[in-house]
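Structure, as structure tokens:
The values are calculated or read from the model by the stated rules, or taken from the named source; none is laboratory data. Worth saying up front: this structure is predicted, and the values here are computed from it rather than measured. Every residue, glycine as well, gets a Cβ built from its backbone with ideal geometry; the counts of neighbours run over all protein chains shown. Only protein heavy atoms, including side chains, enter the accessible area calculation; ligands, DNA and RNA are left aside. Shrake-Rupley method; radii C 1.70, N 1.55, O 1.52, S 1.80 Å.
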Amino acid sequence: MWYHGNLKDLLFQLETTEKGLTSPQAEQRLAQNGKNRLSAPNKKGFIAKFFAALLDRMTIVLLIAAAISFATAIITGDGFADPLIILIIVMANAVIAVIQENRAERALEALKRMSSPETTVIRDGRPKRIPSEDLTVGDVFLLEKGDIVPCDARLLSSNRLLVDESALTGESAGVHKNHKSGVQGNAPISEIANSVFTSSHVISGRATAVAVKTGMETCVGEIANMLTADSEQTPLQKRLAKLSLALGNLTIFICLGLFVFSLLKGMAVGEMFVTSVSLSVAAIPEGLPAIVTVVLSAGVQTMARRRAVVKRLPAVETLGCAQIICSDKTGTLTCNKMAVTQIYGNKEELIKAFALCNNDSSPTELALTDYVSDFQHYRSLYPRVDEIPFDSVKKYMVTVNKDNEGYTVYIKGAPDIISAYCPQNKDEITAQTQLYASEALRVMGFAKYRTNQLPHNPLKGRFEFLGLCGISDPPRPEAAEAIKVCKKAGIRTIMITGDHKDTARAIAIKLGITDKNGLVYTEKELNGLNDREFLKIAEKCNVFARVTPSFKLRIVSALKQKGYVVAMTGDGVNDAPALKKADIGCAMGISGTEVAKESADMILTDDNFSTVVSAVREGRGIYENIRRAVHFLLSCNIGELFTVFFAIIVSLPSPLSAIQLLWVNLTTDSLPAIALGLEKASDSLMERHPIKPNAPLFSAHRIFRIAFEGILIGSLAISAFVIGNNLRGFTVGRTMCFLVLAVSQLFHSFNMRTEKSIFSGDAKPNPFVWLAFGLCFALQSSVIIIPAAANLFGVTALTLTEWAVCISLSVCPIAVCEVYKKLKQ
């Protein structure tokens, strides 16, 4: 096996070196071996999806009705126009359903690509970040804390590497890896210490490895499972699917009663049967879940363009309900442009420590490097022979550097950690730290000791305090404004940081998160509290300092226990539990580890707090768009039901034929509903309190309004039928009813755009609404104006007066709703 033999032999077999592949070599191997990903299941093609759409329950009922209509036409000799048109409309509906499904799939695939994991690979002799799926056999790549192992690989070098292989072995304890380890016999994965395997998480340490097995060739590939932006139904979609089913059953019952009632009235059996079936199909909002998927997908794409990549669709709904945002300080609330502005202690020795006890792997470390003009000179003179990497829990880093006379051990870390190793300087360190922290500076301490022997445990030595540095990281200008917006929107902001208490307080005051009298607690101060006592603090305190990742989890758990909907930002591997626990986990796209990104519901590609707030705003907007689209569909469907039902009850002739009902359903329902789902979020959305997570989609008041608007549309259509019937007979009446029912719905779509007057300017420009209106109006008018189409649909040309009457009636929903909105204010 590849993990048994000599490393040089393995590199020879893989036709690679420790310097990795060149770009042309990698491209050739990718073309030959394929992408580093699991094979996706075969997707249904257009034809398969089309026939699946035809197997929908209501479509089957309509096809049966068309068959009966065919039989009736054969018996009576009335011609096949009606059943043929019914079949054409059924096919058109199926095609539209497939197009919507494909569009949603493409959007979700785009989300997967945006949230795919990345790897640092050595290509052409230089480190380079690439999507993990572009890794190929023979590639040399780097691993560090927080990375996800992208393939099965042999270690070339390692430094205190600890890996979580629980996804493969089920063992929760971390596994130590060492490139020098040997493997005996047919060992299980947990005992192969010189190799790493796909989907393992790097807990700590660093390593270089060579890719041996990729994609489907890995022992257990789970990369595809990391990408959870799939077609899972959101809670709202599930509720709407149930609503569609309930309304469908109710509609079928009403239409069945309508058919029986029409028989008792002595109306034509064949015609009324097909009309009743068509009405049930037209009135059932079976497209609600599909439209919601399209709206969600479109909204998610908008959020991605605004630097918030949503990985799981349910998170979009939850965003609109967010009541608390728990945010890191560094890089999220601050600019992440760090600079050393204060030095305390032996400056020459500190500069040397800045250069040597440093991996240049974070903005803090880069600030230290920038302060040293010739850091490479120090590193070449004093090469590193050992290190203990920085850890957010331990809050220190240690290096061992060699020189001609022996070894120097440096420690860099939080001031309280340095105090523990230099107790004789504790008071001095504490006083200076408080001074720097009060100026909103991040404080780091340094110490060292000399030894003649390479230490087995670098921490077992007598450290000499070197000094402190103060690092500035000013608040982001947009963060303070975003926090103001949150307050208006009823959203509480909590800052959680590993920094000193006084630093945290100073920054929080500048940002408006707290004031001079506000509570600020450290983890150490709260560790002794029981859960009830801690919950009381968590409800009042907006700033937590000197916090470890495990304490973040306690904060989130306490707030969720109280019923709050919590969003949480994080970037480290140890933040993963808190990100998973939060209702909305937000990982940092720039500074975040791959483990954090995998655990999160959303990735912030700019690591900016204001992007979280923008995402909440978009989440509210998407929820509102879904609600207005559903509102529109239900009110229109009630209008169609009322038109036919009322006419039969009052003994009027049937005002609409089966094909007319189906045509209205095809043209004036879906397009305007989708256009309404593409409305831009209103500015007033962030002046309201969060949506309650378990609140129904519609209040009792809204349900009454939907019913009222539906009856209004139906009444206008009936009025048009009566007017036309009295003017020039039944065919003109049916034509005017057909026109008003469709066009009044188109005008009604403008009412849905805002809860305020449509003339108030509250709604932002939405060309899709106008496009849907123009296209649907043109389609509806063409059926009446074009003689051949008019004959097929059983309508006739109208005079200018009749057109004027129809348009006047159709505009009435706008007038009535404007009066309602005015009275509501």
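For the residue pair ARG450 and PHE708, what label-to-label distance in nm results when each label sits 7 Å from Cα along the Cα-to-beta-carbon direction?
With each label placed 7 Å out from Cα toward Cβ, I get 8.9 nm.
How large, in percent, is the carbon and sulfur part of the accessible surface of region 759-824 at a probe radius of 1.4 Å?
Here carbon and sulfur together make up 79 percent of the probe-accessible area.
Relative contact order, percent, of region 507-601 when contacts are C-alpha pairs under 8 Å separated by at least 6 residues? Before the final figure, lay out each step's value.
Details: 145 pairs, mean separation 19.1, N = 95.
Reported relative contact order: 20 percent.
Non-local amide H neighbours of VAL175 (under 5 Å, H modeled in plane, Pro and chain starts lacking H): which ones?
Hits under the 5 Å cutoff: VAL163, ASP164, GLU165.
Full extension from LYS394 to ASN530: what is 0.36 nm times the residue separation minus their Cα-Cα distance, to one decimal in nm?
Extra length available between LYS394 and ASN530 comes to 46.6 nm.
Any idea how far the Cα center of region 660-736 sits from the one of region 406-459, in Å?
Spelled out, the Cα-based centre of one part sits 70 Å from the other.
How high is the FRET efficiency from LEU366 to LYS540, r the C-beta distance, R0 45 Å, rounded to 0.05?
Working: r = 37 Å, r/R0 = 0.81.
Efficiency, rounded to the nearest 0.05: 0.80.
In whole percent, and with a 1.4 Å probe on the protein chains, what portion of the accessible area of region 565-622 is carbon and sulfur?
Details: 560 of 1200 Å².
Carbon and sulfur together cover 47 percent of it.
Can you return the lysines within cross-link range of LYS402? Criterion is Cα-Cα under 20 Å, with same-chain partners fewer than 8 residues away left out.
Within the straight-line cut-off, LYS402 pairs with LYS352, LYS412, LYS448, LYS460.
Starting from the amide H of PHE446, placed 1.01 Å from N in the peptide plane, find each other amide H under 5 Å away whose residue is 5 or more places distant or on another chain.
Those lying under 5 Å, H to H, from PHE446 are LEU466, GLY467.
Quick one, could you list the DSSP H helices from the chain stretching 24 Å or more along their long axis (Cα atoms) with average Kyte-Doolittle hydropathy of -0.5 or above?
57-76, 81-114, 235-264, 288-305, 609-649, 700-728, 730-751, 767-785, 800-824
Given Cα pairs under 8 Å that are at least 6 residues apart, what percent is the relative contact order of the chain?
It rounds to 12 percent for the chain.
What is the extension gain from LEU55 to ALA797, computed as 0.36 nm multiplied by their sequence separation minus the C-alpha to C-alpha distance, in nm to one decimal?
Working: separation 742, 0.36 × 742 = 267.12 nm, distance 3.70 nm.
Answer, rounded to one decimal: 263.4 nm.
Which distance in Å, rounded to a whole number, links the C-alpha centroids of region 596-647 and region 532-575?
Region 596-647 and region 532-575 have Cα centres spaced 28 Å from each other.
Which value in nm describes the separation of the simple spin-label points at ASN359 and ILE47, placed 7 Å from the Cα toward the beta carbon?
According to this spin-label approximation, the distance is 5.6 nm.
If you average the C-alpha positions of region 298-320 and of region 179-216 separately, how far apart do those two centres end up, in angstrom?
Taking the Cα centre of each part, region 298-320 and region 179-216 sit 36 Å apart.
How high is the relative contact order of region 345-474? Use alpha-carbon pairs under 8 Å, at least six apart in sequence, and give a whole percent.
RCO, region 345-474: 23 percent.
For the pairs LYS510/LYS540; LYS180/LYS394; LYS145/LYS597; LYS329/LYS524; LYS536/LYS560; LYS487/LYS540, flag any whose C-alpha to C-alpha distance is greater than 21 Å.
In this structure, LYS180/LYS394 lie more than 21 Å apart at Cα.
For the chain, what is the accessible area per residue in Å² when the probe is 1.4 Å?
Averaged over the residues of the chain, the accessible area is 43 Å².
Using only DSSP helix segments of four residues or longer, with each worth -39500 (n - 2.57), what per-residue ellipticity at 222 nm results for the chain after dividing by its residue count and rounding to 500? Walk me through the numbers before you get to the answer.
Details: 31 runs with 427 residues, N = 825.
Estimated from H runs of four or more residues: -16500 deg cm²/dmol.
Could you order GLU165, GLU687 so the one with the most accessible surface comes first? Probe is 1.4 Å.
If we order GLU165, GLU687 from most to least accessible, we get GLU687, GLU165.
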